[in-house]
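The values are calculated or read from the model by the stated rules, or taken from the named source; none is laboratory data. Keep in mind the model is a prediction, meaning the values are calculated, not measured. FYI the Cβ positions are ideal-geometry reconstructions off the backbone, even for glycines, and counts take in every protein chain you see.
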């Protein structure tokens, strides 16, 4: 192994400083090899393969592969199923991200203001995060069942006819979004609580002495700006996590009824592993990748500039 | 300007009594330093005056008005925190302007974005900006208005905190160890600046510190606080030379005052280690004789015997550390540089009129100079 010999020799004979520095750089490179190799094998190559696959008509078990350029993407644009799926995903993220972020922030402020039971509230809201998504989805299936579910039983008791939450195309996406909020809110809550404890108490006291009278004014002057870095992180992670919605859809609705709950990753999954159109599925993956990268870029470039790390 | 009156304030945290009936009066325009070791309750007392914390019992009035029911925002005092407590996301100018924005603009004018165009908002904001710039200029921050706290040095942050306090001409200034995060040279300089600000503004100031040098050099009067009680409030000179409590004598002064265990005989003559030292007192029983290091000197005619141990050179003076052989009590003498240093055993003399006597409870005891003998 010639690479292995290099840093050892460099260490043994640091003849000149330039050579020594080069030897050190090589040693550094060498030491990153395990991480580098696993990155290339497990992340970079599969990603490149998926990107390349997106420009072919490869189907699982097909004898030959043809390079078809952007044909897959042209098909995507005309594919009503994909357009619905993309729209559903955007609606889902549009509901889950703001609601779970705002909800978590309000809950965190309330919990922070209480003097007793902080740990209890934190644990209660964090439970969904540590529970198994598929198991929880089954529990929701029972809760939201149109005839035997407790939710509709309660609605019947107060004289309202509950909808078929997960089986009507009018409510299915809303129901899934609600489950998504329930899952995400605990995670965001814990992040916000950590951010709140990092704000020096003296700043709130200084604000009071400076003439801040209302909780809202204190929030605006101190809490919100100092939560900036936390909020940026929460926004990024929540959007990416909710673009990735899959478990609840796969378990509860399989994209139905009539594609009303079809989301991006579920479409990718059915195209790839039900219809075995791996090339087409890879094209959807690429769209997903672009969306996620776009979100990350937007957040680091645009929002980062407006967040002050005190 | 308004005075501050604190009467019989008590405060406990759980079973810990932080303040045990503290009373203190700060006259309008006066600079009072509250000095004491860490954990003596001085910061708690200041926070109670500011309205950040509530007392369990007792009264606080500012400008003759009971502020017990008033929130911090309504007490019209400014506070400088030990950590400066600057808003990290605001510029220097915005930081200084916060107290004015909160007081001069109403809720609608303070609205984000929209508030800027509310009637009267523009003129008010312009005036606030000018006042903030004036306060900044007074503290030499004129060129730093657009910087953020993270871009400033410790001393500059300190000035921003001071500017934020002076900008709105409050009824009183409360300063909580404002210099303790600065290095030694900057501390001396800022000490002067705070005194200057006080002179110029004539503002009532309550200044908390654990550093007796700060308290003695800056304040009109010093309040010495120990274990939740104020033991003495007096001018710096009298706190030093005329302490009313042994703990005050021990806390003020560096090096520490010498304390010699003593005994008053039936006829009132004071003895140290069985030797009469030429002092008398009306009471009898165990006493403590306290003498400042600069009031002790080697004296061939002195009555006490001491053994020299080692010498410290301080530049402007020498410290001679020794011990009384009979009792093992340590003594420190401050001598002019170049003094003849005794080695081994020597006789110890002191200025009798400068000696302080304290009774067994640590309270000051009456001292009578015995005419028939000299020390």
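For (1) more than 20 Å from residue B:178 (Cβ to Cβ); (2) away from chain A (no Cβ under 14 Å); (3) crowded, with 16+ Cβ neighbours inside 10 Å, each residue gets a yes or a no:
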| site | (1), (2), (3) |
| --- | --- |
| B:104 | yes, no, yes |
| B:123 | yes, yes, no |
| B:142 | yes, yes, no |
| B:153 | no, yes, no |
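When you go through B:224, B:239 one by one, which is the residue that is in a strand (DSSP E or B) and either in contact with a strand residue (DSSP E or B) (Cβ under 7 Å, 6 or more places away or on another chain) or over 30 Å from residue B:155 (Cβ atoms) (or both)?
Unique residue meeting the criteria: B:224.
Okay, residues lined up against (1) farther than 30 Å from residue B:351 by Cβ; (2) buried (at least 19 other Cβ atoms within 10 Å of the Cβ); (3) outside the structural domain of residue B:327 (by TED's automatic domain parsing):
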{"site": "B:188", "(1), (2), (3)": "yes, no, yes"}
{"site": "B:199", "(1), (2), (3)": "yes, no, yes"}
{"site": "B:228", "(1), (2), (3)": "yes, yes, yes"}
{"site": "B:232", "(1), (2), (3)": "no, yes, yes"}
{"site": "B:263", "(1), (2), (3)": "no, no, no"}
{"site": "B:268", "(1), (2), (3)": "no, no, no"}
{"site": "B:290", "(1), (2), (3)": "no, yes, no"}
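Based on what the data block shows, is residue B:279 assigned to a strand (DSSP E or B) and in contact with a helix residue (DSSP H, G or I) (Cβ under 8 Å, 6 or more places away or on another chain)?
Here the answer is yes, as residue B:279 does meet what is asked.
So is residue B:79 surrounded by fewer than 22 Cβ atoms within 10 Å (Cβ to Cβ), within 14 Å of chain A (Cβ to nearest Cβ) and not in a loop (DSSP other than H, G, I, E, B) or not?
Against the criterion (surrounded by fewer than 22 Cβ atoms within 10 Å (Cβ to Cβ), within 14 Å of chain A (Cβ to nearest Cβ) and not in a loop (DSSP other than H, G, I, E, B)), residue B:79 does not qualify.
State which residue pairs qualify: first residue at the interface with chain B (Cβ under 9 Å from one of its Cβ atoms) and under 24 Å from residue B:74 (Cβ atoms) and inside the stretch A:194-210, second residue surrounded by fewer than 15 Cβ atoms within 10 Å (Cβ to Cβ) and at pLDDT 90 or above in any location, beta carbons under 9 Å apart, and separation of 6 or more residues or different chains.
none
So in the stretch B:82-102, with the set limited to residues that are in contact with a helix residue (DSSP H, G or I) (Cβ under 7 Å, 6 or more places away or on another chain) and more than 9 Å from every other protein chain (Cβ to nearest Cβ), which one is nearest to residue B:150 (Cα to Cα)?
Among residues in the stretch B:82-102 that are in contact with a helix residue (DSSP H, G or I) (Cβ under 7 Å, 6 or more places away or on another chain) and more than 9 Å from every other protein chain (Cβ to nearest Cβ), the one nearest to residue B:150 (Cα to Cα) is B:92.
For the stretch B:282-312, enumerate the residues that are in a loop (DSSP other than H, G, I, E, B) and over 23 Å from residue B:246 (Cα atoms).
Listed by number, the residues that qualify are B:299, B:300, B:301, B:302, B:303.
Sort out which residues of the stretch B:176-186 are farther than 12 Å from residue A:209 by Cβ and surrounded by 20 or more Cβ atoms within 10 Å (Cβ to Cβ), and write them in order of number.
B:177, B:178, B:179
Quick check: anything in the stretch B:54-66 buried (at least 17 other Cβ atoms within 10 Å of the Cβ), at pLDDT below 90 and within 14 Å of chain A (Cβ to nearest Cβ)?
Within the stretch B:54-66, not a single residue is buried (at least 17 other Cβ atoms within 10 Å of the Cβ), at pLDDT below 90 and within 14 Å of chain A (Cβ to nearest Cβ).
Could you tell me which of the residues B:135, B:124, B:165, B:172 is touching a helix residue (DSSP H, G or I) at 6+ places or on another chain (Cβ under 9 Å) and either farther than 20 Å from residue B:80 by Cβ or outside the structural domain of residue B:67 (by TED's automatic domain parsing) (or both)?
One residue alone meets the criteria, B:124.
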